[in-house]
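The values are calculated or read from the model by the stated rules, or taken from the named source; none is laboratory data. None of these values were measured; they are calculated from a predicted model. When we count neighbours, we look across all protein chains shown, and the Cβ atoms used for this are built from the backbone with ideal geometry, even at glycine.
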């Protein structure tokens, strides 16, 4: 058997070579599947490793708490809480920041640091420059991302408004902190141009805010088996008299939360999309093998007649399939490595981990290859099974002539509607409904992948529009350090360019319902609010009813309350009132875990007069600069946010990521589409070469004959595109369901342009495939058909 | 009758050489030929005699390496692919040994496929009636016998009113009785419509039904004869 086996192997190599374009196109689809799988999963693993490794080396805290002002002596009591291993207290304050040449105000988060005795946890890594000299006034280290976003350099000066007094700071170094891997003023948007983290001398900062001997921020590291929620409860209890705002664990720490969500998305992308790629690859492999085996009936019969048993023949075709799969796997592992590297790089840049670290676990390559091999073997076995059942003599006879029948359309009496050429096309489709269906499914799959991969930018764009054009419609938001009388409205209205002022009040709160609680804020809005609107996912407006609280539906679900139920609201500010409040409604907001009340009701709940904590302004664009200059001079205006700048930054950041993913997915989907369409056309051509050549002899032009063959594909593509739109919609819905999390439900919004783009890519892939096949149609052997039987 | 008609084809010094791997094959070595309108020619010769090559050139499937061939007033000697396609489409009707019908089309549709692109065609139904298949218009090839399929092929070939009907071993795949039936149809079309017909065969018995018989051997015309009495297909046997 030894020498005959090597003859079979030679046949294998020649078969592969004669089908090389098809082999390569299938291998590429497999490579996309494996590459996407490996790329996403290795990125997931690498980012998780980078994050955890960073947390470990920087000793990231487990619990974070803020208070208004707590005495330093309290630290001992905190250390005594069961499960607490280490305690770090510090002063942290947000202040208005200005740098020369930038008109819109920025926010600085000032963190007091003892540079002589570095903290035992939450270690800040110096990236450039030096630490401020101990006790030195007017020096600060800034987070590297702000420096880069603002194109600043060491030695540059900036000024911050410390407790109403302007203080000049010189940048002496840049740093990274595990607490601000993702730095933001609050929302989930990267905010590097407008939000700076500044580490400055602890004593100076404490003095500036009258915080000597006191702290307002505390970080805890816990022992290995400590209960996070148990520690938080005790910590809150201790801090409460000192204006505690409620402690949070890592899960609710802003930066951690955002990067964890991003990392998790990688895992979802890595499972859903590559599964589809592998499925399509298996399908194409199956069809090609079927055809291959079918065309080699005679050879198989001869082999059987020569005494080869079924095992050898099946093995031969398994080798054929696995050669293609292995080629795809090798390409796929390379592609996955490249993709993983690129994506990890992209995220490392976004997150600014202290070091770039990419690794591809060997199991990923093995798992990807194994999945593809299983798919290929499935196809090969299904294809060979039918042939192996044949007796040698049967296999030697030509297959029975193709039988056709009249189309459904014709049986219904509409025969006259079709020309003979159209009938040929339609009858071929109708004769092999399964094949047509699977082709359509394959093409629809690539349309769906394109839609599901690229609709994100639509969802984001729509989200921005709703968030900033329909909900938060103010041009400029002003936040006050302390509540101010409502009359501030009149003062603001007199500022240059202001056309409308709307005030709000926000109070940090812990809402309790039975044993469940959630820390958030209650926002009080005026009855006639139009700059701050509450909209549900269908853009219906909701308003808080008199005397009660309106909750984001997700928050109500988390607290397990319904309209009519009563909550305990523990206000974490001012008189720290604890009071029962009725839930009067819920609203399906896209983002956030919000509680809304009427402004008057909220102030009454807090047992305060008519005070407000923030204001939204409508501003004439031309006067914006003048307004911002004036706001800088208003000591009470601690935070000034120009909404437009938020959106711009966000768009810039997401554009880069979106472009990368769109490009990769477009290439992937086009590969699939070409794989399906090209292989199908080749198979059809092989099956119908005789018929098409006969027509050429009868005087049909190359073009007319091409139409007969490619018309079928055109119909399949035309049918696949709307199906793909539908599948893409559902796939997008699935991804959204998998990726939505507590504070955000991604909107399922797909713009017509995305459908158009997806359809166009697939049509283009079809045209390219058709052109390649067309070349073969042009070179049909006309003379041979006169002499041979099909 | 044939002698008086104008020449449809004039071929002078037709030569065709192929390269087949290392060796050069001389398929035609200088063939001179005139075909007159309405003639019924039978081309006889063993395999390798060059008869298929000659048919390919007359049918516009191939061009000669040297020599000239003129159909009516246009030259096919150096014609490009598009010109040859148009020539086949407008002037030539092919009948193949294996019928080469389109399996997905009925008899009528197989004919209509050609009449749709022809200039002044015979309606498909009439063409099929002429070959005796008026009752089987809506049958698919898989529902027809070999002889019936070949008659559909003839109907398809004549429906465009070709200047030349080229039949390549039209009886090669058929049994004796069916083969004679097919020859009768070809002879009748030649007689009734005046279509110039050329039948290629290695079956010498068929020669008796022709106006003129050309014998090919080794790439040359080695003999030409005009049967003293033209027989009908019914009168011959082999």
Next on the checklist: Show the residue pairs meeting these rules: Cβ distance below 9 Å; 6+ apart or different chains; first residue within region A:754-783 and closer than 20 Å to residue B:82 by Cβ; second residue outside any helix (DSSP H, G or I).
Outcome noted: A:782/B:61; A:782/B:62; A:783/B:61; A:783/B:62
Next on the checklist: Looking at region A:426-433, can you tell me whether even one residue there is away from every other protein chain (no Cβ under 11 Å) and part of a helix (DSSP H, G or I)?
Outcome noted: yes
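Please indicate, with yes or no, whether at least one residue in region A:643-659 is touching a strand residue (DSSP E or B) at 6+ places or on another chain (Cβ under 8 Å), more than 14 Å from chain B (Cβ to nearest Cβ) and modelled with pLDDT of 80 or more. Working first, answer last.
Looking only at region A:643-659, we keep the residues that are touching a strand residue (DSSP E or B) at 6+ places or on another chain (Cβ under 8 Å), and these are A:643.
Keeping just the survivors that are more than 14 Å from chain B (Cβ to nearest Cβ) gives A:643.
Going one step further and asking which of them are modelled with pLDDT of 80 or more, we end up with A:643.
Looking for residues that are touching a strand residue (DSSP E or B) at 6+ places or on another chain (Cβ under 8 Å), more than 14 Å from chain B (Cβ to nearest Cβ) and modelled with pLDDT of 80 or more, one finds at least one in region A:643-659, hence yes.
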Next on the checklist: Would you confirm whether or not region A:253-266 contains a residue that is surrounded by fewer than 17 Cβ atoms within 10 Å (Cβ to Cβ) and modelled with pLDDT of 90 or more?
Outcome noted: no
Next on the checklist: For region B:158-216, give me each residue that is surrounded by fewer than 20 Cβ atoms within 10 Å (Cβ to Cβ), within 13 Å of another protein chain (Cβ to nearest Cβ) and within 17 Å of residue B:133 (Cα to Cα).
Outcome noted: none
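Test residue B:117 against the stated conditions and say whether it is under 22 Å from residue B:196 (Cα atoms) and either more than 9 Å from chain A (Cβ to nearest Cβ) or crowded, with 21+ Cβ neighbours inside 10 Å (or both). Write out each step before concluding.
Working: under 22 Å from residue B:196 (Cα atoms): yes; either more than 9 Å from chain A (Cβ to nearest Cβ) or crowded, with 21+ Cβ neighbours inside 10 Å (or both): no.
Answer is no for this residue.
Specify which of the listed residues (A:223, A:128) is modelled with pLDDT of 90 or more, surrounded by fewer than 20 Cβ atoms within 10 Å (Cβ to Cβ), assigned by TED's automatic domain parsing to the domain that holds residue A:98 and over 24 Å from residue A:78 (Cα atoms). If you could, list the steps in order and put the result at the bottom.
On the way: A:223 fails: over 24 Å from residue A:78 (Cα atoms).
Criteria check complete, one pass: A:128.
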Checklist entry - Quick check: anything in region B:36-49 free of Cβ contacts under 8 Å to residues at least 60 places away in the same chain, in a strand (DSSP E or B) and more than 19 Å from residue B:203 (Cβ to Cβ)? => result no
Next on the checklist: If I filter region B:54-87 down to residues being within 12 Å of chain A (Cβ to nearest Cβ) and touching a residue at least 60 places away in the same chain (Cβ under 8 Å), which single residue comes out as nearest to residue B:32 (Cα to Cα)?
Outcome noted: B:55
Next on the checklist: For region A:471-512: of the residues being touching a strand residue (DSSP E or B) at 6+ places or on another chain (Cβ under 6 Å) and assigned to a helix (DSSP H, G or I), which is nearest to residue A:635 (Cα to Cα)?
Outcome noted: A:492
Checklist entry - Only one of (1) at pLDDT 90 or above; (2) within 11 Å of chain A (Cβ to nearest Cβ) fails for residue B:125. Which number is that? => result (2)
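Look through B:101, B:137 and report the one residue that is surrounded by fewer than 21 Cβ atoms within 10 Å (Cβ to Cβ), within 13 Å of chain A (Cβ to nearest Cβ), in contact (Cβ under 8 Å) with a residue 12 or more places away in the chain and at negative phi. Step through it out loud before you land on a result.
Working: B:101 fails: surrounded by fewer than 21 Cβ atoms within 10 Å (Cβ to Cβ).
After applying the criteria, what remains is B:137.
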Checklist entry - Which of the residues that make up region A:140-159 are surrounded by 15 or more Cβ atoms within 10 Å (Cβ to Cβ) and touching a helix residue (DSSP H, G or I) at 6+ places or on another chain (Cβ under 9 Å)? => result A:143, A:145, A:149, A:152, A:154, A:156
